[in-house]
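Working notes, structure below.
The values are calculated or read from the model by the stated rules, or taken from the named source; none is laboratory data. In this text the structure is predicted, and so the values were computed from the model without any measurement. Methodologically, a virtual Cβ is constructed for each residue, glycine included, from the backbone with ideal geometry; neighbour enumeration extends over all protein chains shown.
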Amino acid sequence: MNDTQGVRVSKLLAERGLCSRREADAYIERGLVFVNGERVTQLGTRAAPDAIVALAGAAQAQQARQATLLLHKPVGYVSGQAEDGHPPAATLIAAASQWADDKTQRFRPAFLKGLAPAGRLDIDSTGLLVLTQDGRIARQLIGENSSVEKEYLVRVAGSLDARGLALLNHGLSLDGRVLRPARVERLNDDQLRFILKEGRKRQIRRMCELVGLRVTGLKRVRIGRVRLGELPLGQWRFLREGERF
């Protein structure tokens, strides 16, 4: 079973979008992973790159119970762990702050276990933030090969000419690395729309600085096919059945 020249089974599961590598290890330890029909229980087991890997029904059922939440993050909250006295966005996830129009299901404390942000949104930015217990969704949104679009409305101060706009779309580098092509358009004299497929630290603010602009307001309004919509500031809702990024 253990192909020493092969690929770790946990990596195969993650690459095929079946779960995260951390979840894969947990499933392997519980005997909930099969390779070519044989149960795998040893961490670090390797298999051929084209091996058939599958999760047991119990693992699939556990995944189905994992929650993904959409939060309209206010200014003053950090995406992940508390920093410099600023609270993490996850502290807003409570029964009292669930959007009244969310008819999917009601809040339960169990939804907080293992809940983590799938991506970042700066402390001084607002808008759509995804928090999930599901490693598959986290990988889809923030994995190295993620190509999910994120859309932002950005209010700026300063003058932007045609060359600056062209550079925002493609031609800028941060930290010695060329940025992926973006879609940036002017909405009016002081507002731009950014559509990105990456999320470098404070990327939009730093991009704007490079062309002589200062960001005065930033709001994320879409991740993939999921929109912020009418979700009120500081409130959250569940990702709906059938809703996909």
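Filtering R227, R183 for residues that are more than 28 Å from P88 (Cα to Cα) and basic (K, R) leaves a single hit, R183. When you check A82 against the structure, is it in contact with a strand residue (DSSP E or B) (Cβ under 6 Å, 6 or more places away or on another chain), free of Cβ contacts under 8 Å to residues at least 12 places away in the same chain and either among the β-branched types (V, I, T) or not assigned by TED's automatic domain parsing to the domain that holds L13 (or both), yes or no? Judged against the criteria, A82 is a match.
Given the residues A162, A166, A138, which is the only one that is surrounded by 20 or more Cβ atoms within 10 Å (Cβ to Cβ) and either within 22 Å of the chain's Cα centre (by Cα) or modelled with pLDDT of 95 or more (or both)? Working first, answer last.
On the way: A162 fails: surrounded by 20 or more Cβ atoms within 10 Å (Cβ to Cβ); A166 fails: surrounded by 20 or more Cβ atoms within 10 Å (Cβ to Cβ).
Result of the check over A162, A166, A138: A138.
The number of residues in the range 128-165 that are closer than 18 Å to Q191 by Cβ and of a type in the set (A, V, I, L, M) comes to 8.
Of the residues in the range 103-112, at least one is surrounded by fewer than 19 Cβ atoms within 10 Å (Cβ to Cβ), free of Cβ contacts under 8 Å to residues at least 60 places away in the same chain, in contact with a strand residue (DSSP E or B) (Cβ under 8 Å, 6 or more places away or on another chain) and in a loop (DSSP other than H, G, I, E, B).
Out of curiosity, is L231 among the aliphatic types (A, V, I, L, M), at negative phi, in contact with a His (Cβ under 9 Å, 6 or more places away or on another chain) and in a loop (DSSP other than H, G, I, E, B)? Walk me through it before giving the result.
On the way: among the aliphatic types (A, V, I, L, M): yes; at negative phi: yes; in contact with a His (Cβ under 9 Å, 6 or more places away or on another chain): yes; in a loop (DSSP other than H, G, I, E, B): yes.
It is true that L231 is among the aliphatic types (A, V, I, L, M), at negative phi, in contact with a His (Cβ under 9 Å, 6 or more places away or on another chain) and in a loop (DSSP other than H, G, I, E, B).
For the range 228-245, which residues satisfy the criterion of being closer than 19 Å to V75 by Cα, touching a residue at least 12 places away in the same chain (Cβ under 8 Å) and of a type outside the set (F, W, Y)?
So in the range 228-245, the residues closer than 19 Å to V75 by Cα come out as 228-237.
Filter again for touching a residue at least 12 places away in the same chain (Cβ under 8 Å), leaving 228, 230-237.
Listed by number, the residues that qualify are L228, E230, L231, P232, L233, G234, Q235, R237.
The test for being touching a Pro at 6+ places or on another chain (Cβ under 9 Å), touching a residue at least 40 places away in the same chain (Cβ under 8 Å) and not in a loop (DSSP other than H, G, I, E, B) holds for A90.
Can you pull out the residues in the range 102-155 that are in contact with a Lys or Arg (Cβ under 8 Å, 6 or more places away or on another chain), within 17 Å of G76 (Cα to Cα) and aliphatic (A, V, I, L, M)? Within the range 102-155, L121, L128, L129 meet the criteria. Return a yes/no flag: does the range 97-113 have any residue that is under 20 Å from the mean Cα position of the chain (by Cα), within 21 Å of G229 (Cα to Cα) and among the β-branched types (V, I, T). Scanning the range 97-113, I find no residue that is under 20 Å from the mean Cα position of the chain (by Cα), within 21 Å of G229 (Cα to Cα) and among the β-branched types (V, I, T), so the answer is no.
If you check E15, E29, which single one turns out to be under 21 Å from the mean Cα position of the chain (by Cα) and acidic (D, E)?
On the way: E29 fails: under 21 Å from the mean Cα position of the chain (by Cα).
Only one candidate qualifies: E15.
Is at least one residue of the range 192-203 within 21 Å of L121 (Cβ to Cβ), exposed (fewer than 15 other Cβ atoms within 10 Å of the Cβ), modelled with pLDDT of 95 or more and over 21 Å from the mean Cα position of the chain (by Cα)? Checked the range 192-203: no residue is within 21 Å of L121 (Cβ to Cβ), exposed (fewer than 15 other Cβ atoms within 10 Å of the Cβ), modelled with pLDDT of 95 or more and over 21 Å from the mean Cα position of the chain (by Cα). The residues of the range 135-179 that are closer than 18 Å to R225 by Cα and of a type in the set (D, E), listed by number, are E149, E151.
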